Each structure stands twice: as C-alpha cells, then as structure tokens.
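Worksheet: one structure, shown below.
The values are calculated or read from the model by the stated rules, or taken from the named source; none is laboratory data. Everything quoted here is computed from the prediction, not taken from an experiment. Note that we place each Cβ from the backbone using ideal geometry, even for glycine, and neighbour counts take in every protein chain shown. When the accessible area is computed, the model is the full protein with side chains, heavy atoms only, and any ligands, DNA or RNA have been set aside. Shrake-Rupley method; radii C 1.70, N 1.55, O 1.52, S 1.80 Å.
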Amino acid sequence: MLRILGKPERRSVSATTDYLPTGLAYPGLTIELDEQGVGRLFASSSRFCTPAGACPGMSLADIQHIYGPAMKVEQVDGVSKGLVFNDGCWLEFTVESGNVETIEVACVP
C-alpha cells in the first residue's frame, strides 16, 4: 500500500482502542488498519473509486445504476446514505444534494 500511495500526510495511532488503531491520512483518502491489515477506507476524492466504478462526486442515480437492487438508500441522522452490504462488509455512500460526497468501505472484525 505504501508503495502505491507513498508516505501519508498524517499517521495516527490510538492507544485507547484495539480496533483499527492506526490511521493513515492522504489527500481525499483515510485508511484505518490494525496488525491484520486494512479494516476501513474512507474516500472523499474522485481519485478513489470502488472497483465497480463508483466515485465521490458522482450522482446518487449513477451509483444506484452501478449497484442496482443491492443498494439501499436510507436517511441516517438526517443524511442520505446509500448502503451495500455483503458478507460482513459494506459500502456506504454519503449523499449531499443528490451527489455522493464520500465513500466508506468497512468490514466487521
């Protein structure tokens, strides 16, 4: 990962949690990991897309077209979220004014 992305802008280590205690921050991308590997990705830049081609900045309608019926759209604390669940992992798309602002990929440990 470091070979591809290079040195992060910030690296943080939490002494208060065992779950994903290390954070690596890049422009438009945050990676959280532990000794077993990556557990969460959080993208806010159109440079970081899902393998299916969904990117921050795209319209919610375009993302719904990519993921089809697997994607559910809900209101969570007044914010529209698109959610795709699969075998303990999920994609979460945060939506503002009909466009995807952020994409989160995470798995249950």
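Some observations on this one:
- Dipole magnitude for region 7-66: about 240 debye, using +1 per Lys or Arg Cβ and -1 per Asp or Glu Cβ, origin at the Cα centre.
- Dipole moment magnitude, nearest 20 debye, the chain about Cα centre, only Lys, Arg, Asp, Glu C-beta charged: 380 debye
- Estimated distance in nm for a label pair at Arg40 and Asp62, the labels positioned 7 Å out from Cα along Cα-to-Cβ: 2.7 nm
- Prolate/oblate/rounded label for region 21-109 (Cα gyration tensor, a/c 1.5): prolate
- Per residue, the chain exposes 64 Å² of accessible surface when a 1.4 Å probe is rolled over the protein heavy atoms with every protein chain present.
- Sequence-ordered 3J(HN,Hα) estimates for region 65-80 from the Karplus curve with 6.51, -1.76 and 1.60 and θ = phi - 60° stand at 5, 5, 9, x, x, 5, 8, 10, 10, 9, 9, 10, 6, x, 10, 6 Hz, glycine and proline given as x.
- Inter-site label distance for Arg10 and Glu74 at 7 Å from Cα along Cβ, in nm: 2.8 nm
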